[in-house]
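The values are calculated or read from the model by the stated rules, or taken from the named source; none is laboratory data. In this text the structure is predicted, and so the values were computed from the model without any measurement. So basically every Cβ, Gly included, is an ideal-geometry build from the backbone, and we count neighbours across all protein chains shown. For the accessible areas, the whole protein counts, side chains as well, though only heavy atoms, and no ligand, DNA or RNA atoms are used. Shrake-Rupley method; radii C 1.70, N 1.55, O 1.52, S 1.80 Å.
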Amino acid sequence: MTALLDIAIHDKSYGARRVLHNLQLQLHRGEIVSLIGASGCGKSSLLSIVAGLDTSFRGTLRMGGKPLAGVHADIGLIFQEPRLFPWLTVAQNIAFGLGAGGENDPRVAQLLEEVGLQGHAHSLPKQLSGGQAQRAAIARGLFGQPRILLLDEPFSAVDAFTRMKLQDLLAAVAARHGLSVLLVTHDIDEALHLSDRIVMLDTRAGPRRAHYDVAAPRPRVRTPAAQAQLKETILGELHAAHAI
Ligand SMILES: Nc1ncnc2c1ncn2[C@@H]1O[C@H](COP(=O)(O)OP(=O)(O)OP(=O)(O)O)[C@@H](O)[C@H]1O
Ligand SMILES: [Mg+2]
């Protein structure tokens, strides 16, 4: 079956510094893939390329078999910090892509409800907590009705409890909207909880790359014991990668 997203990056360098080399990664329909790896190994660089924000690389991107170039409406991107426009209301931020008056689109109210922000349509970002602001960013990411959602450490700036709530929200919206998700995270438990597959980038060891399948069906309950063995294996690999 053709992958929804087919990534083949032969080379991504910043000047003389090569960051990604011979990377092949496929994302299938409805799949959640977590990308882990040491700081500086190129995870954010990869996401920028897939989002179409960085076109200075050698390689090809395909969506549904067709070449992909530049920013694409089918791909939504959510960053570590919400990046809301401070002078716009929550509703205006969500509907930003539609321009003036877009906040009256009925889908804004639907999305606000879906992410648990009903009643905050007219709030300004500074009136939101960190977790609420990230919920608004998720709603904005969904507004364009993407098929693929890219997330770069989206929950690392919130407390542990809020993080769990946001993880469950992501799992729920991904299932409801039939999204395919590529999630960069440093949190192995988050990767084990959310993803079908975990990919470890390890550029210092050359093109070595490890894939781990997380077999349990989604949605998952949080039972640390269930995936303890896989967690041990992944942590061992990460330690090995750091030691190089
Ligand atoms: N615009 C840039 N110009 C030059 N070098 C860059 C640029 N962006 C990233 N780099 C370098 O490329 C490498 C990979 O960076 P990247 O941000 O992709 O790593 P990362 O895996 O996302 O790390 P982290 O886990 O810390 O977020 C790093 O060595 C970084 O210094
Ligand atoms: Mg990064």
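I'd like the full set of residues that are open to solvent by less than 20 Å² (accessible area, probe 1.4 Å) and touching a Gly at 6+ places or on another chain (Cβ under 6 Å), limited to segment 143-154.
Matches in segment 143-154: 146, 149.
With 29, 62, 17 as the choices, which residue is over 19 Å from residue 199 (Cβ atoms) and of a type in the set (D, E, K, R)? Can you show your working first?
Values: 29 fails: over 19 Å from residue 199 (Cβ atoms); 62 fails: over 19 Å from residue 199 (Cβ atoms).
On inspection, the qualifying residue turns out to be 17.
If I ask for residues that are closer than 23 Å to residue 161 by Cα and either open to solvent by less than 60 Å² (accessible area, probe 1.4 Å) or touching a His at 6+ places or on another chain (Cβ under 8 Å) (or both), which ones from segment 215-234 would you list?
216, 220, 222, 227, 228
Would you confirm whether any residue within segment 129-146 is more than 17 Å from residue 169 (Cα to Cα) and at pLDDT 95 or above?
From segment 129-146, those more than 17 Å from residue 169 (Cα to Cα) are 144; that's our starting set.
Add one more test, that the residue is at pLDDT 95 or above, and what stays is none.
No, there is no match, as no residue in segment 129-146 is more than 17 Å from residue 169 (Cα to Cα) and at pLDDT 95 or above.
Just name the residue that is most open to solvent (accessible area, probe 1.4 Å) out of those in segment 79-88 that are farther than 11 Å from residue 137 by Cα and hydrophobic (A, V, I, L, M, F, W, C).
My answer is 87.
Out of 100, 109, 38, 91, which single residue is closer than 23 Å to residue 143 by Cβ, in a loop (DSSP other than H, G, I, E, B) and of a type outside the set (S, T, N, Q)?
Going through 100, 109, 38, 91 in turn, just one is closer than 23 Å to residue 143 by Cβ, in a loop (DSSP other than H, G, I, E, B) and of a type outside the set (S, T, N, Q): 100.
Quick one: what pairs do we get from segment 2-15, first residue farther than 16 Å from residue 68 by Cβ and modelled with pLDDT under 95, second open to solvent by 70 Å² or more (accessible area, probe 1.4 Å) and not in a strand (DSSP E or B), C-beta under 7 Å, 6+ apart or different chains?
none
Can you go through 127, 145 and tell me which one is among the polar types (S, T, N, Q) and at positive phi?
Values: 127 fails: at positive phi.
Of 127, 145, the one residue that is among the polar types (S, T, N, Q) and at positive phi is 145.
Yes/no per residue for (1) outside any loop (DSSP other than H, G, I, E, B); (2) within 14 Å of residue 80 (Cα to Cα); (3) in contact with a Gly (Cβ under 7 Å, 6 or more places away or on another chain):
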site	(1), (2), (3)
134	yes, yes, no
137	yes, yes, no
141	yes, yes, yes
156	no, yes, no
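What number goes with the only condition from (1) in contact with a strand residue (DSSP E or B) (Cβ under 7 Å, 6 or more places away or on another chain); (2) within 16 Å of ligand 2 (Cβ to nearest atom); (3) open to solvent by less than 60 Å² (accessible area, probe 1.4 Å) that residue 76 does not pass?
All conditions are met except number (2).
When segment 112-132 is examined, which residues are found to be open to solvent by 40 Å² or more (accessible area, probe 1.4 Å), in a loop (DSSP other than H, G, I, E, B) and not aliphatic (A, V, I, L, M)?
So in segment 112-132, the residues open to solvent by 40 Å² or more (accessible area, probe 1.4 Å) come out as 113-114, 116, 118-120, 122, 124, 126-127, 129-130, 132.
Pick out the ones that are also in a loop (DSSP other than H, G, I, E, B) and you get 116, 118-120, 122, 124, 129.
Matches in segment 112-132: 116, 118, 119, 120, 122, 129.
Would segment 219-227 turn up any residue that is part of a helix (DSSP H, G or I) and modelled with pLDDT of 90 or more?
There is no residue in segment 219-227 that is part of a helix (DSSP H, G or I) and modelled with pLDDT of 90 or more.
Tally time: how many residues in segment 17-76 are in contact with a helix residue (DSSP H, G or I) (Cβ under 7 Å, 6 or more places away or on another chain), among the small types (Gly, Ala, Ser) and more than 16 Å from ligand 1 (Cβ to nearest atom)?
Within segment 17-76, residues that are in contact with a helix residue (DSSP H, G or I) (Cβ under 7 Å, 6 or more places away or on another chain), among the small types (Gly, Ala, Ser) and more than 16 Å from ligand 1 (Cβ to nearest atom) number 1.
Could you check residue 59 against (1) out of contact with any Ser or Thr (no Cβ under 8 Å at 6 or more places or on another chain); (2) assigned to a strand (DSSP E or B); (3) at pLDDT 95 or above; (4) within 16 Å of ligand 2 (Cβ to nearest atom) and say which number it fails?
Among (1) out of contact with any Ser or Thr (no Cβ under 8 Å at 6 or more places or on another chain); (2) assigned to a strand (DSSP E or B); (3) at pLDDT 95 or above; (4) within 16 Å of ligand 2 (Cβ to nearest atom), residue 59 violates only (4).
Exactly one of (1) open to solvent by 30 Å² or more (accessible area, probe 1.4 Å); (2) modelled with pLDDT of 95 or more is unmet by residue 71. Its number?
(2)
Among residues belonging to segment 89-102 that are open to solvent by 30 Å² or more (accessible area, probe 1.4 Å) and closer than 15 Å to residue 133 by Cβ, point out the one that is modelled with the highest pLDDT. It would help to see each step written out before you state the result.
Taking segment 89-102 as the starting set, the residues that turn out to be open to solvent by 30 Å² or more (accessible area, probe 1.4 Å) are 92, 96-101.
In the following step, the residues that additionally are closer than 15 Å to residue 133 by Cβ were identified as 92, 96.
Working: 92: 97, 96: 93.
Filtering first and then ranking leaves 92.
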